[in-house]
1. Across the stretch 57-62, in residue order, what do the Karplus-derived ³J(HN,Hα) couplings come to in whole Hz, using 6.51 cos²θ - 1.76 cosθ + 1.60 with θ = phi - 60° and x for Gly and Pro?
2. Taking a cut-off of 20 Å between Cα atoms, list the aspartates and glutamates near Lys254, but don't count ones fewer than 8 places away on the same chain.
3. How much length is gained on full extension from Asp200 to Ala135, taking 0.36 nm per residue of separation minus their Cα-Cα distance?
4. Using the 10 angstrom Cβ neighbour count as an exposure proxy, how do Leu239, Leu196, Leu253 rank, fewest first?
5. Can you work out the FRET efficiency for the pair Thr29 and Thr179, with r the C-beta to C-beta distance and R0 = 25 Å, to the nearest 0.05?
6. On alpha-carbon atoms, Rg over Rh for the stretch 130-254 using Kirkwood Rh?
7. At a 10 Å Cβ-Cβ cut-off, how would you order Asp52, Asp185, fewest neighbours first?
8. Across the stretch 202-212, in residue order, what do the Karplus-derived ³J(HN,Hα) couplings come to in whole Hz, using 6.51 cos²θ - 1.76 cosθ + 1.60 with θ = phi - 60° and x for Gly and Pro?
Amino acid sequence: MAAALTAALLGGCGPRPGPAPVYAPGEPTPEGLYRIRAGDTLSDIALREGIDLATLADWNALEPPYRILAGGLLRVAPPPPSPAARLQPGPSAPDERRMRGRSAPSASAGVSGAAATAPAHPPSKPRRSPSEAIASGIAWQWPLVGRVVKGFDARDRTRQGIRIAARPGELVVAAASGTVGYSGDGLKGYGNLIILKHKDDYLSAYGFNRRLLVAKGEKVTRGQPIAEVGQTTGGEAQLHFEVRKDGAAVDPLKLLPRTR
């Protein structure tokens, strides 16, 4: 889920409060901050935390191409009124190829592949295991009934979810009960996007919607309508659906029921 993300994404932001304060690598990460891991991109963190990409960049005084270093700290909560100390790089930097992000729509911001082109190799065949769904402790259901037209591929960071064919305007439902962590169009490559948080370690994302039916902070129940199907950047009526555990994308087909 390549041209650099344009500065227009940050339009309308006010004065920047400055990056997060510095803490020694061995110290616990303070509340409201996130310690960057190797392979992280700003868009990954924005998606995981349910924060608008432009807002996250603004909180941390970052400009395109949004380079971040493993071991450093990012603000993931609104900063205090007073300016903070300057963020220092951590002990190691992510692989440069990873920092260039994904092949679509923004390489530098590293948005996962909602609008990416197909990879040269076919997606890996999912190995569905009921134990994985049970181990999640979450009752999952399909967000809509439709044919999977693009599968998950763990080897390709542009295919961090699945695409489900649908009719324009068809209702998208919550795949599990949770809280709306994000509702908007601020993450490039996803269109109108809903992110639901489930428990402490899982989230699900629903992209390319025509209309959003829930707002950030709302509690939703499994099967509740949350959006209407829209179109991908290529004009197809499809839903982009992702599931992440502790920030890492997992194959939704390993969690969803075998029959629909």
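1. 5, 5, 4, 10, 6, 9
2. Counting by Cα, and skipping residues close in sequence, Lys254 has these aspartates and glutamates nearby: Glu132, Asp153, Asp156, Asp200, Asp201, Glu242, Asp246.
3. That pair, Asp200 and Ala135, stretches by 22.0 nm at full extension.
4. Listed from fewest to most nearby Cβ atoms, that is Leu253, Leu239, Leu196.
5. Efficiency, from the Cβ-Cβ distance: 0.65.
6. Rg/Rh: 0.93.
7. Listing Asp52, Asp185 from fewest to most nearby Cβ atoms yields Asp185, Asp52.
8. Coupling constants for the stretch 202-212: 10, 9, 10, 10, 10, x, 6, 8, 7, 9, 9 Hz.
Bear in mind that the values in this text are calculations on the coordinates, not laboratory data. Only a predicted model underlies this, so the values are computations on that prediction, with no experimental measurement involved. Note that we place each Cβ from the backbone using ideal geometry, even for glycine, and neighbour counts take in every protein chain shown.
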